[in-house]
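Chemist: I am attaching a structure below and will ask some questions about it afterwards.
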Amino acid sequence: MKIKHMITAFLSVAVCGISAISLVTSAADQYQDKRDEVIMLVNEQRTALGKSELYEAELLNQAAQLRAEEIIDNFSHIRPDGRAGYTAFTDLGGVYMAVGENIAYGYPTEADVMNGWMNSDGHRGNILNDAYHAMGVGVAAKGNVLYWVQLFSDGKNLPPLYSKGNINRDNKTDSTDASAILIDAAQKGAGMSGILNRMQISFADLNRNQLADSDDASLILRYAAYAGTGGTESIESFCGLS
C-alpha cells in the first residue's frame, strides 16, 4: 500500500524526573470508539508477535487529540509553535523515559490507517516498540478528511482509562457498568447494534466467553456489593482472573 499522507514516525528517549500527574477524565466524545478500535488493532499486531499489550491512557488521549487538531493545518511532527510533537504530552504534565508519535491523514477508517502505519517501517517500529506500555489516540476532521495521531509512552504515572469491569471510564466498577452490559446484550438480542465497542467488551468479559453478557453484569454487581462492604480484593482476584 502506498502511503501518501504520512511522514516518518517520531521517537524520543530521555531520562526524566518522575512527578505525580493529576488527571481529569474527559467525557466520551464522538471519536472515543475510533480511539478504542485503533488501540485494539495495535494490540492485535503486538500480541501476534508475542509482545505485551498497550493500555489506553487518558492523558495520552488528550495530548494526541490536541496534536490531531494541530496537524490539520500543519502536518508535521513539529508543532505550530516550533516545538516537537511530544510536548503536547509534557505540557499536560506527562513524564516519560520513552515517547513516540505516529501521524496520518486521509484514511477513512481505523483499519485503513493501521494498515498504512504497519506498512511503513518507522510507524510500524513505534507500534511494536517494547519500550512502550501506554498509548493514546487523537482523531480530528476537516470536512470529510480524518486526521489521526498515535502517542506512545512508557507509561510513567499514567493510570489506565479502562480496567476490568469498569467500561464507562469513571474509575469505578458498579451498577452503571452492569446496566451498560445488559443494555448492550438486550439490543444485540433484538437484532440491533449494541452500545459497547470492542474495547469495552474486552474489559466487560469477566467470564472469558468473548462476550459481554448477563453473567458478566452479575459478577460486576456481586463485586460492587463486596467492595461496598469494605472488600479489598481486586475484581480480577474476586472473579478468578488472576
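The values are calculated or read from the model by the stated rules, or taken from the named source; none is laboratory data. Source: prediction; values computed, not measured. Cβ placement follows ideal geometry from the backbone for every residue including glycine, while neighbour counts extend to all protein chains displayed. Quick note on the areas: whole protein, heavy atoms, side chains included, nothing else; ligands and nucleic acids left out. Shrake-Rupley method; radii C 1.70, N 1.55, O 1.52, S 1.80 Å.
Chemist: Considering Gly194, Gly143, Gly165, Gly136, which residue is among the small types (Gly, Ala, Ser), surrounded by 15 or more Cβ atoms within 10 Å (Cβ to Cβ) and under 24 Å from Glu70 (Cα atoms)?
Modeler: Sole residue among the options that is among the small types (Gly, Ala, Ser), surrounded by 15 or more Cβ atoms within 10 Å (Cβ to Cβ) and under 24 Å from Glu70 (Cα atoms): Gly136.
Chemist: Which of the numbered conditions does Met6 fail, given that it passes all the others? Conditions: (1) under 23 Å from Lys142 (Cα atoms); (2) among the aliphatic types (A, V, I, L, M); (3) at pLDDT 95 or above; (4) open to solvent by less than 60 Å² (accessible area, probe 1.4 Å).
Modeler: (3)
Chemist: Let me ask something else. Is region 80-88 home to any residue that is touching a helix residue (DSSP H, G or I) at 6+ places or on another chain (Cβ under 9 Å) and more than 15 Å from Gly136 (Cβ to Cβ)?
Modeler: yes
Chemist: Run down Asp213, Asp184, Asp177, Asp154 and say which single residue is crowded, with 16+ Cβ neighbours inside 10 Å, more than 30 Å from Glu101 (Cβ to Cβ) and touching a strand residue (DSSP E or B) at 6+ places or on another chain (Cβ under 7 Å).
Modeler: After ruling out the rest, the residue left standing is Asp177.
Chemist: Take the conditions over 22 Å from the mean Cα position of the chain (by Cα), closer than 27 Å to Leu41 by Cβ and not aliphatic (A, V, I, L, M) and apply them to Gln200. Does it pass? I'd like the intermediate steps shown before the answer.
Modeler: Numbers: over 22 Å from the mean Cα position of the chain (by Cα): no; closer than 27 Å to Leu41 by Cβ: yes; not aliphatic (A, V, I, L, M): yes.
Answer is no for this residue.
Chemist: Return yes when Asn129 is open to solvent by 20 Å² or more (accessible area, probe 1.4 Å) and either farther than 20 Å from Lys34 by Cβ or free of Cβ contacts under 8 Å to residues at least 40 places away in the same chain (or both) and no when it is not.
Modeler: Against the criterion (open to solvent by 20 Å² or more (accessible area, probe 1.4 Å) and either farther than 20 Å from Lys34 by Cβ or free of Cβ contacts under 8 Å to residues at least 40 places away in the same chain (or both)), Asn129 qualifies.
Chemist: Pick out, from region 177-242, the helices (runs of 4 or more DSSP H) lying fully within it that include 2 or more residues that are closer than 27 Å to Ala111 by Cβ and not aromatic (Phe, Trp, Tyr).
Modeler: 198-204
Chemist: Something else: Just to be sure, is Tyr86 more than 28 Å from Phe203 (Cβ to Cβ) and crowded, with 16+ Cβ neighbours inside 10 Å?
Modeler: Criteria not met by Tyr86.
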